[in-house]
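Heads up: the structure comes next, in C-alpha cells.
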Amino acid sequence: MGEVDSVSARITEIVKEVAGEERGFRAGLVVTEACVNIVKYGDLGEEERIEIELSFEDNDAKIVIEDTSREFNPLDVSDPNLNNFELLQKGGMGIYLIKRCSKKVDYAYKDNRNILTVII
C-alpha cells in the first residue's frame with residue numbers, strides 16, 4: 001500500500017504541472033482508489049504488479065491502469081446510495097469517486113489483464 005501512495009503522489013505532481021491543480025488532485029485520487037481496490041480485492045500474487053501509464057492529450061490527462069488480477073469491470077458497479085450512511089461505510093465509494101472525478105472512464109479485459117483507462 002505504501003507504493004500506491006508514492007505513485008499517486010508522483011502522478012498528482014506531474015498532472016498538476018501540466019494540467020493544473022484540480023486535475024492533479026483528481027488524477028491522484030483516481031490512481032489511489034483504483035490501485036487500493038486492486039490490492040484489496042484483486043487477488044494479486046506477491047510478484048504481480050500494477051502498471052500505470054500517464055500521457056496527455058491536449059490539456060487532458062490520460063491514465064491507463066493495468067493489472068493481472070481476476071476480471072473485474074468497475075463500470076458494472078452501481079453508484080452507491082449517498083443518502084444511506086450505513087451502506088456508504090461498507091464500501092463502494094472508490095469506484096464512484098473514479099467515475100465522478102473523470103471526464104471519461106473505459107474498461108477492457110484483454111490477454112488476462114484488466115485495463116482501466118481514465119481521462120481527466
Check: With all protein chains present, how much of the accessible area of the chain (probe radius 1.4 Å) comes from carbon and sulfur, to the nearest whole percent?
Finding: 46
Margin query: I need the phi-derived Karplus couplings for segment 108-120: 6.51 cos²θ - 1.76 cosθ + 1.60, θ = phi - 60°, integer Hz, Gly and Pro marked x.
Written below: 9, 10, 9, 6, 6, 10, 7, 10, 10, 10, 10, 10, 10
Next item on the list: Return the calculated 222 nm mean residue ellipticity for the chain, to the nearest 500 deg cm²/dmol, obtained by summing -39500 (n - 2.57) across DSSP H runs with n ≥ 4 and dividing by the residue count.
Entry: -14000 deg cm²/dmol
Next item on the list: State, in angstrom, two size descriptors of the chain derived from its alpha carbons: Rg to one decimal place and Dmax to the nearest whole number.
Entry: 14.1, 41
Margin query: Accessible area per residue for the chain in Å², computed with a 1.4 Å probe and the full protein assembly in place, what is it?
Written below: 62
Margin query: Just want to confirm a number: the relative contact order over the chain, from Cα pairs under 8 angstrom separated by 6+ residues, in percent.
Written below: 25
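The values are calculated or read from the model by the stated rules, or taken from the named source; none is laboratory data. Remember, it's a predicted structure, so these values are computed and weren't measured experimentally. What goes into the accessible areas is simple: the full protein's heavy atoms, side chains included, and nothing from ligands, DNA or RNA. Shrake-Rupley method; radii C 1.70, N 1.55, O 1.52, S 1.80 Å.
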